[in-house]
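Chemist: Submitted below is the structure of interest, expressed as structure tokens.
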Amino acid sequence: MSTELIARLEQYRREEEKLAWEGTFAQYFDLVVQNPKIARLAHERIYDMIMAAGVETGPNGQPVYKFFARDLFGLDKTLQQLVEYFHSAARRLEVRKRILLLMGPVGGGKSTIVTLLKRGLERYTRTDEGALYAIKGCPMHEEPLHLIPEPLRADIYKEYGIYIEGDLCPRCRQMVQDQYHGRIEDVIVQRIAFSEKNRIGIGTFSPSDPKSQDISELTGSIDLSTIGEYGAESDPRAYRFDGELNIANRGLMEFIEMLKCDEKFLYSLLTLSQEQSIKTGRFAMIYADEVIISHTNETEYNAFVANKKSEALQDRIIVIRVPYNLRVAEEVKIYEKLLAESALRDVHIAPHTLEVASMFAVLSRLEPSKKAGMTLMKKLKLYNGEEVDGFSQSDLRELQEEAQREGMDGISPRYVINRLSSALVKDNVGCINPLDALRALKDGFEQHTSITREERERLLNLIAEVRKEYDEIAKREIQKAFVYSFEEQARTLLNNYLDNVEAYCNKTKLRDPITEEEIEPDEKLMRSIEEQIGVTETAKKAFREEILIRLSALARRGQSFDYTSHDRLREAIEKKLFSDLRDVVKITTSTKTPDPEQLKRINEVVDRLIKEQGYCVVCANELLRYVGTLLSR
């Protein structure tokens, strides 16, 4: 065994020893006086856990919570609402007495959110910042401050600022009398760490056949083997306080597909949510402090809302929508994450493959807009933060208000990753490209049981839309590789254009660098660039002024303007450079038997694709051939 592993095992044992703290209630109370956070309630603990990971400001000014950032993408609004709920609940506002219901389509991230909270709690309670303690021997891992009698609590709060809520469970009440003879200061307290596997602080309930599923799964049951010893079913020692609601005390309770549960299970949530108590047979109400979080799909939720019998529970639910992601850049991150978790290392994924698959997925989730000229592809680009001819980011809110259900339908990430996986594991596949991805997505429609004939036609049209978009991407990739010293040429062309635009807007003249005579701005040059992206004669003045405003704004912030600083100008410059070389590219890529000069040019392009743009030999040559066929049409 390596010494490094031995050292790690020793470190692990030391950390475990830190979690094995035991002491009297008197010692515990001293700890709470020094750090009242130790005794915080469940909602506050989860809120502090999320905030401890850090918060950043996103590109649109929205908060980005690092706690979720590695695993969830494109759910900024959902996560903001989730954290706002925990923030309010952490301050002991009324919302903490509500059930949190995550509602959205399959594969949207509902289960992932809950899993992150559960795993996060397991880690957090093992840290010094997240440390918590419980009465030793309590099946509900009870807060030790519950030992303090009710009449003394107001004085404790006044003197120490320590808020105490809740009462002892039946088992602890009897234990204090039998073992400690009422001396609460001697009661043993231990540090605990939440663990779903060990059933400490995290409970999970999944519905099954209502005829065979018993309510005892939630609230515990009588231990028949001990009735003879203790003499009565109402003796706390004869009852197992091991239901999911019991063991989730002070932590988190997850209801998987809650609305599929039988009504008798949902009734248990009424008192737990509003009164923070569990009703167990033969015992009075048992206090429980736990976050109840559940998830369901939209169909189940609509049926639930329509059922008048469930009005009492509806009133105790806070719904947070978890739609599909609608930004291509974020969708790509989902597939990158899923592929990184796999054991697949020997297959190359060509540039833009995941982007193309993501474009198809996002397009399937978008709703058509009533705004004139707004296509689904333009909408996709706007949502992705790109500039679109005729529209700007200021149109986003109107588009989102126009489509309230957007993101609740469409192709799920699971379908896309399943189809990509099938393409990646085919025999003798060393590389997959965007066309392979589109082919795999299309072939999967036949296996997708929920796709109707009409839906299939719609999805095929979206595949065609994405294919057209990829054709433009492919041309641009070759264009970059073909133009020798592309960045340098682009920069030269940009500077020339900006000089002329500045002179045009300021109504001044340029000075010829050789003759030093004053000359008019080069209208022909400016129009040759602007026409590449469809800027009309009447719109040229507004476009040039927009460029100058962007240039000035960057200069004020001490930033330089390059050809990528304005998306439409970047596209125009790339197209202008490419149009000058179009015939060369066409001849070179379409010639079956290239001459030595053409062959040298092809090899240079392939090398540049590999070294600078992330291609391998296989996909670089395939891209070259594909663009050759596009240009020959």
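Chemist: Within the range 251-288, can you find the residues that are more than 23 Å from residue 104 (Cα to Cα), of a type outside the set (Gly, Ala, Ser) and open to solvent by less than 10 Å² (accessible area, probe 1.4 Å)?
Modeler: Passing the criteria: 272, 278, 280, 286.
Chemist: Shifting gears a bit: Checking the structure you have, find out if any residue of the range 317-338 is in contact with a helix residue (DSSP H, G or I) (Cβ under 8 Å, 6 or more places away or on another chain), among the acidic types (Asp, Glu) and open to solvent by 20 Å² or more (accessible area, probe 1.4 Å).
Modeler: yes
Chemist: Restricting attention to the range 47-69, which residues are among the small types (Gly, Ala, Ser) and closer than 21 Å to residue 290 by Cβ?
Modeler: Across the range 47-69, the qualifying residue is only 52.
Chemist: When you go through 364, 310, 358 one by one, which is the residue that is farther than 22 Å from residue 107 by Cβ, touching a residue at least 24 places away in the same chain (Cβ under 8 Å) and touching a helix residue (DSSP H, G or I) at 6+ places or on another chain (Cβ under 7 Å)?
Modeler: On inspection, the qualifying residue turns out to be 310.
Chemist: In addition: Kindly indicate which of 326, 270, 363 is closer than 30 Å to residue 459 by Cα and not in a loop (DSSP other than H, G, I, E, B).
Modeler: 363
Chemist: Would you check which residues across the range 421-473 are more than 17 Å from residue 359 (Cα to Cα) and in contact with a Cys (Cβ under 7 Å, 6 or more places away or on another chain) and list them?
Modeler: 431
Chemist: Right, next: Can you say whether residue 556 is at pLDDT 85 or above and open to solvent by 80 Å² or more (accessible area, probe 1.4 Å), as far as the supplied structure shows?
Modeler: The answer is yes for residue 556.
Chemist: Kindly evaluate residue 585 against the criterion of being at pLDDT below 85, surrounded by 15 or more Cβ atoms within 10 Å (Cβ to Cβ) and among the aliphatic types (A, V, I, L, M).
Modeler: yes
Chemist: Exactly one condition in (1) more than 27 Å from residue 614 (Cα to Cα); (2) touching a Phe, Trp or Tyr at 6+ places or on another chain (Cβ under 9 Å) is false for residue 390; which is it?
Modeler: (2)
Chemist: So in the range 343-378, with the set limited to residues that are among the hydroxyl-bearing types (Ser, Thr, Tyr) and over 24 Å from the mean Cα position of the chain (by Cα), which one is least open to solvent (accessible area, probe 1.4 Å)?
Modeler: 369
Chemist: Under 9 Å between Cβ atoms, which residue pairs at least 6 apart in sequence (or on different chains) link something in the range 153-164 that is within 16 Å of residue 41 (Cβ to Cβ) with a partner that is assigned to a helix (DSSP H, G or I) and among the acidic types (Asp, Glu)?
Modeler: 164/150
Chemist: I'm trying to understand the selection: among the residues of the range 101-135, which are touching a helix residue (DSSP H, G or I) at 6+ places or on another chain (Cβ under 9 Å) and open to solvent by 60 Å² or more (accessible area, probe 1.4 Å)?
Modeler: 106, 123, 126, 128, 129
Chemist: Tell me, which residue of the range 22-49 that is more than 30 Å from residue 94 (Cα to Cα) and touching a Leu at 6+ places or on another chain (Cβ under 9 Å) is surrounded by the most Cβ atoms within 10 Å (Cβ to Cβ)?
Modeler: 25
Chemist: Based on this model, can you work out whether residue 461 counts as in contact (Cβ under 8 Å) with a residue 24 or more places away in the chain, under 30 Å from residue 618 (Cα atoms) and polar (S, T, N, Q)?
Modeler: no
The values are calculated or read from the model by the stated rules, or taken from the named source; none is laboratory data. Just so it is clear, the structure is predicted and the values come from calculations on it, not from any experiment. So basically every Cβ, Gly included, is an ideal-geometry build from the backbone, and we count neighbours across all protein chains shown. Accessible surface areas use protein heavy atoms only, side chains included; no ligands, DNA or RNA. Shrake-Rupley method; radii C 1.70, N 1.55, O 1.52, S 1.80 Å.
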